Amino acid sequence: MSTQTPSSASARETTEGTVYTVTGGDWDEVVQSAARADDERLIVNMGPQHPSTHGVLRLILEIEGETVTEARCGIGYLHTGIEKNLEYRTWTQGTTFVTRMDYLTPFFNETAYCLAVEKLLGIEDEVPDRATIIRVLLMELNRLSSHLVCIATGGMELGATTIMIYGFRDRELILDIYELITGLRMNHAYIRPGGLAQDLPPGAVDQIREFVKKMKKNLPEYDKLATGNPIFKARMQDIGYLDLAGCMALGATGPILRSAGLPHDLRKAQPYCGYETYDFEIPTADTCDAYGRFLVRLEEMRQSLAIIEQCLDRLQPGPVMVADKKIAWPAQLALGPDGLGNSLDHIKKIMGTSMEALIHHFKLVTEGFRVPPGQAYAAVESPKGELGVHVVSDGGTRPYRVHFRDPSFTNLQAMAAMCEGGQVADVIVAVASIDPVMGGVDR
Amino acid sequence: MSDAKSNGANTPGDGANGNGVNPEKDLGAANLPGMRGDHGEEIRVQRGMFGANNGGDTSGYGGLVRSVRLPGAATRPYGGWFDEVADELEGALEEQGLVPGNAIEKTVVDRGEVTFHIEREYLVAVAQTLRDDPALRFELCTGVSGVHYPGDKGRELHAVYHLRSITHNRVIRLEVSAPDADPHVPSLVPVYPTNDWHERETYDFFGLIFDGHPALTRIMMPDDWQGFPQRKDYPLGGIPVEYKGAQIPAPDQRRSYS
Amino acid sequence: MGLEEKLPSGFLLTTVEQAAGWVRKASVFPATFGLACCAIEMMTTGAGRYDLARFGMEVFRGSPRQADLMIVAGRVSQKMAPVLRQVYDQMPSPKWVISMGVCASSGGMFNNYAIVQGVDHIVPVDIYLPGCPPRPEMLMDAILKLHHKIQTSKLGVNAEEAAREAEEAALKALPTIEMKGLLR
């Protein structure tokens, strides 16, 4: 095994620590030689703060005239250290952090994390049906809202503000449902290891049915506005080309993979949360380009609506948390008249009748529950692709290591393959068709 | 069953695991948190009952010492398609003139998942085989996750790969380890180009050097950052938060119960 | 007695300060500085339902040189901090900063190695907006409060005087930790 160091700078040990000497020649000479080589070549830095709407992504493009000869991504401008932060919080508190990773797909992050923790606990089969159905319901709503933002911002980057207004209009309807169910428009922390934080509030089912009806009317508007639009097609077709071999090599999943013709979807391939019992199709395209990805996303939204309807038909009254009181503790709280979560019955019991219950309550609040040592990997099909969670426990009350394999991070690697050799103006289209969310990329 | 190579240096010799519980006599012992078999890797030693590590011991459980172990090596049959994959992998390695016993350190089956612990010298060959063998065909690598076990002497840094086969609809896990003193692991970029950024990320956070990576530089942290922030010996780096008349320490400075 | 009486009808008198403040507040151009979750809510505020255009604020400028308001929407990482300062320096004066969300205001829940614990370590902040993320209504409220601040801001010598007073007051202020009372 070689002992090659990552940097090629020469190093020298001093009393102050290692001193590296970096030599690159005289700057004027460097500039002159670059000028001699090709006077048409230009390095353009896009970002990290730039007009496009994909957050703090930095694109480093080498262009010759209008042609991109080399494209590289600079990421890490939103690195938040969430994975490290998780190691200092209890297992249940972890959902609060993971929901903020890819902030457009909070329910997928939460579900993937909770599935992994449940696997470690060995309670996958004990999660109540109602909780699983509500998880699926929320995930499919989330798929809609994520794709809507993708299409909206993608349109805005083409200069089509109308699509952006349409997308955000429909997303608001979904956010209203989130707010009714979880209390928050974003960053919900609603799905917990073992089930859900609380049951659906009254009126939620009716509102979702109303939404499905409305959305069925609104979805064809995107077709009318964009699908056949000659300008839209001219900007999207054959742009951001990545074929199946490229997808497999670069690990691209989700709509990018499906636009290359492979109907791979974890909901069908390795079903979780009972997806094998739902009736839906996996849309594909064979164009391998940005337009194909747009069509795949649009069709996926229709399929999601179908799944949401099936979920609503299946909902039966029942518990939404596992029976194990240790894991379920936070769900025992009831909403008081003051709007705060506290259960008077519970307080009466622990303060008045049972010393052991008080001790347990105290320990569960301060410590949380323990998870047996080991590791687990759970993956869900997020709107962007395979969202995998690798969780390691050392038998303690806090995660030992949580790693998210975020699809945006992996898919963004394909940017270079999609953009090089194309026009500068098409870079934005290609990046928009990847739909990277920097919160997920950098975590 | 006991695998001396994987146990590291800290195997308690008396069979009673140092805390009075004898797994061979006590039938329920295997279910205790620290007792999932006595053959897995020891990752930490827990002292006391409640994990509170600052302040005096008032609980009376302070003398309790337990070793925390990850699930240990499994024996054949592994169950389900795990045997099929293991057989194919061993056969394919033999065809290439490699001794499977050298390449595959141990196989762990736990919670319905199979993990092949690979000796780092053989990682690229094993991955290549897993990708190209028609009976295996793990086309998709879902990246690498680093884990730092400071308590696992000589094997502190682990790199964990999850491979997915779309053809056969399977997922397996590969795990390689490297000591802190020599944090080198061969790069899988030649086999799975998708690992490019994943390996840079793991290098950035754990200091694992992936030999053969085309451009192993920091990806998340600024280029001039010192240290590898997600190692266990790297502090969380929080600052105390001030309120009126009170100060709340950062999460890693608080009393912990783990 | 005064000037007012000599003027023909239909004229309105005001101070230069108020006139300038009124003109300034009515056409604030925010720079797009979306970082994380808050950026999505910022975009929502600009879109149909909340319609920031009602306050003359819908034109988010891509170039900091055309902007005079920076809405720091989201967590600021150590890697982003120098970039943020550079963008701020590129904005022409007078300029204002809204720190949107708890992460930008104080680091929020991410009290760790990667995140700057409050954007006021890097740039002066005019309005701190709590929430994770703040609702669009909250952002609009912050913007209206900023409008009020711009309207009442001073000019020239008065501005220098006001800045000096503010600095003196800040130097004399009791540190938070020494304040007594509830944890608020």
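State, in square angstrom and to the nearest 100, the accessible area buried between chains B and A, both chains counted, probe radius 1.4 Å. List each step's numbers first, then the result.
Values: alone 14080 and 21050 Å², together 29820 Å².
Buried area (both sides, nearest 100 Å²): 5300 Å².
Between residue B:211 and residue B:64, the modelled label-to-label distance comes to 4.5 nm, taking each label 7 Å out from Cα in the direction of the beta carbon.
Residue by residue, region C:47-55 carries 3J(HN,Hα) couplings of 7, x, 5, 8, 6, 5, 4, 4, 10 Hz when phi is fed to the Karplus relation 6.51 cos²θ - 1.76 cosθ + 1.60 (θ = phi - 60°); x denotes Gly or Pro. Per residue of A:103-115, other chain Cβ atoms within 10 Å of the residue Cβ number 1 on average. Semi-axis lengths, largest first, of the ellipsoid equivalent to chain A are 42, 31, 18 Å, with √(5λ) applied to each eigenvalue of the Cα gyration tensor.
Just need the relative contact order of region C:21-170 here, percent rounded to a whole number, with Cα pairs under 8 Å and 6+ apart.
Working: 252 pairs, mean separation 37.2, N = 150.
With pairs under 8 Å counted, the relative contact order is 25 percent.
Go through C:34, A:390, A:438 and say which Cα lies farthest out towards the positive end of the charge dipole of the protein assembly as shown; charges sit on Cβ, +1 for Lys and Arg, -1 for Asp and Glu. Most positive-ward Cα: C:34.
A simple charge model with +1 on the Cβ of Lys and Arg, -1 on the Cβ of Asp and Glu and nothing else charged puts the dipole of the protein assembly as shown at about 2760 debye relative to its Cα centre.
What's the long-distance tail for chain C, i.e. % of Cα pairs beyond 27 Å?
Values: 6129 of 16836 pairs.
Result: 36 percent of Cα pairs exceed 27 Å.
Greater than 27 Å separation of Cα atoms is the criterion. Which listed pairs, A:325/B:244; A:213/A:384; A:84/A:326; A:213/A:325; A:349/B:244; A:84/B:153, meet it? With Cα atoms farther than 27 Å apart: A:325/B:244; A:213/A:325; A:349/B:244. Here the relative contact order of region C:93-184, from alpha carbon pairs under 8 Å that lie six or more residues apart, stands at 23 percent. Cα centroid separation, region A:242-265 to region B:202-258: 34 Å. Counts of other chain beta carbons within 10 angstrom of each beta carbon in peptide A:375-383 average 4.
Bridging of residue B:106 to lysines at a Cα separation below 17 Å is possible for B:5, once same-chain residues fewer than 8 apart are set aside. Think of region C:21-170 as having a plus end and a minus end, set by charges on the Cβ of Lys, Arg, Asp and Glu; of C:123, C:143, C:60, C:60 sits farthest toward the positive end of this dipole.
Note on region C:1-160: lysine pairs with Cα distance below 29 Å, sequence gap of 8 or more or different chains, count 10.
Here the 3J(HN,Hα) profile of region B:237-244, calculated from phi with Karplus coefficients 6.51, -1.76 and 1.60 at θ = phi - 60°, is x, x, 10, x, 9, 9, 10, 5 Hz, Gly and Pro shown as x. Database remark: amide H of residue B:243 closer than 5 angstrom to the amide H of B:248 (H placed geometrically; neighbours at sequence offset of 5 or more, or on other chains; Pro and chain starts carry no H).
Sorting A:420-432, A:316-328 by their mean Cβ neighbour count within 10 Å, with the most densely packed peptide first, gives A:420-432, A:316-328.
Can you check what the net charge comes to around residue A:436, using other residues whose Cβ is under 13 Å from the Cβ of residue A:436 (Lys, Arg +1; Asp, Glu -1)? Please report the intermediate quantities before stating the final value.
Details: positive: A:58, A:293, A:384, A:443; negative: A:102, A:157, A:406, A:435, A:442.
Overall, the nearby charge balance is -1.
The mean number of partner chain beta-carbon atoms within 10 angstrom of a residue's beta-carbon across peptide B:228-238 is 5. Stretched out straight at 0.36 nm per residue, the stretch from residue C:152 to residue C:174 would grow longer than its current Cα-Cα span by 5.3 nm. Quick one: if you stick a label point 7 Å off each Cα along the C-beta vector at residue C:18 and residue C:54, how many nm between them? Between residue C:18 and residue C:54, the label points sit 2.6 nm apart. Each part gets one Cα centre, and for region B:73-108 versus region A:155-212 those centres are 47 Å apart. Within the same chain, lysines fewer than 8 places from residue A:233 are excluded, and of the rest, those with a Cα less than 18 Å from its Cα are A:224.
Quick check: the distance between the Cα centres of region A:353-432 and region C:11-80, to the nearest angstrom? What the calculation gives is 34 Å, centre to centre.
Can you work out the Karplus-derived ³J(HN,Hα) for every residue in region A:385-401? Use 6.51 cos²θ - 1.76 cosθ + 1.60 with θ = phi - 60°, whole Hz, and x for glycine or proline. Listing the rounded values in order: x, 6, 9, x, 10, 10, 10, 10, 10, 10, x, x, 8, 10, x, 7, 7 Hz. Charging the Cβ of each Asp and Glu at -1 and of each Lys and Arg at +1, and nothing else, the dipole of region B:81-211 about its Cα centre rounds to 340 debye. Under 5 Å between amide hydrogens, built in the peptide plane, is the criterion, and for residue B:45 it picks out B:68 among residues at least 5 positions away or on other chains. In the protein assembly as shown, a dipole from Cβ-located charges (positive for Lys and Arg, negative for Asp and Glu) runs towards its positive end, and of A:347, B:203, B:140 it is A:347 whose Cα lies farthest in that direction.
Using the alpha carbons of the protein assembly as shown, what is the convex hull volume per residue in cubic angstrom, as a whole number? Don't skip to the answer; put the middle values down first.
Working: hull volume 209.4 nm³, N = 885.
Convex hull of Cα atoms, per residue: 237 Å³.
Note down the magnitude of the dipole of chain A about its Cα centre, charges +1 on Lys and Arg C-beta and -1 on Asp and Glu C-beta and zero elsewhere, to the nearest 20 debye.
Working: 42 positive and 57 negative charges, 300 e Å.
That gives chain A a dipole magnitude of about 1440 debye.
For residue B:211, the residues whose amide H sits under 5 Å from its own are B:185, B:187, ignoring neighbours fewer than 5 places away on the same chain, with H placed 1.01 Å from N.
Looking at chain A as a GNM with Cα springs under 10 Å, which of A:385, A:194, A:395 has the largest mean-square fluctuation? Greatest mean-square fluctuation among the candidates belongs to A:395. Starting from the Cα of residue C:7, step 7 Å toward the Cβ, then list every residue of region C:139-156 with an amide N under 18 Å from that point. No residues fall inside that zone.
Solvent-accessible area assigned to carbon and sulfur over the protein assembly as shown amounts to 54 percent, based on a 1.4 Å probe. Of all the options A:199, A:125, A:243, the one that moves most in a Gaussian network model of chain A with Cα springs shorter than 10 angstrom is A:125.
Each label point was placed 7 Å from the Cα along the Cα-to-Cβ direction; for residue A:237 and residue A:313 their separation is 3.8 nm.
The values are calculated or read from the model by the stated rules, or taken from the named source; none is laboratory data. Just so we're clear, the structure is a prediction, and the values are computed from it rather than from any experiment. Glycine also receives a Cβ, built like all others from the backbone with ideal geometry; neighbour counts cover every protein chain displayed. Heads up: the accessible areas ignore ligands, DNA and RNA and are worked out on the full protein's heavy atoms, side chains in. Shrake-Rupley method; radii C 1.70, N 1.55, O 1.52, S 1.80 Å.
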